[in-house]
1. Could you work out how far apart the two model spin labels at residue 69 and residue 104 are, taking each label as a point 7 Å from the Cα in the direction of the beta carbon, and quote it in nm?
2. With springs connecting C-alpha atoms under 10 Å apart, model the chain as a Gaussian network and identify which of 73, 86, 59 has the largest mean-square fluctuation.
3. Could you work out the relative contact order of the chain, using alpha carbon pairs under 8 angstrom and six or more residues apart, expressed as a whole percent?
4. One-quarter of the Cα convex hull surface for the chain, in nm²?
5. Suppose the chain between residue 32 and residue 118 were pulled fully straight at 0.36 nm per residue; how much longer would it get relative to their current alpha carbon spacing?
6. Separation between the residue 3 and residue 40 pseudo-spin-labels, each 7 Å from Cα along Cα→Cβ, expressed in nm?
């Protein structure tokens, strides 16, 4: 049994993430949900939030999104989003800039069912 799943995150401007990962947590329209290898087939709308990625080496990556769709199968997760900002950086200055970009992206969404304060807090936690 394989213990990884292929994650692909694509925006209208191109692919921003494509790797084998241990798990991923997605901001579904009805709440966050986690995906592990051998997950049941699923298609879901995504809302403004943060995609949390656990890499093979147990490091954590994060991508802030505004909205999109996810297609989950046993061996892959394909995420199509309108806008995304990776919250990974090599230095503190670059990370601060990405966090600001992510906050602008999520605040551009007018979704009354989502607590923007909670999303911003999650973004800020990646400092």
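1. Placing both labels 7 Å along Cα→Cβ, they lie 2.9 nm apart.
2. 59
3. Answer for the chain is 22 percent.
4. Result: a mean projected hull area of 7.4 nm².
5. Working it through step by step, the gained length comes to 29.7 nm.
6. Distance between label points: 2.5 nm.
All of the numbers you see were taken from the coordinates with simple rules; none came from a lab. The model shown is predicted, which means the values in this text are computed figures rather than measured ones. FYI the Cβ positions are ideal-geometry reconstructions off the backbone, even for glycines, and counts take in every protein chain you see.
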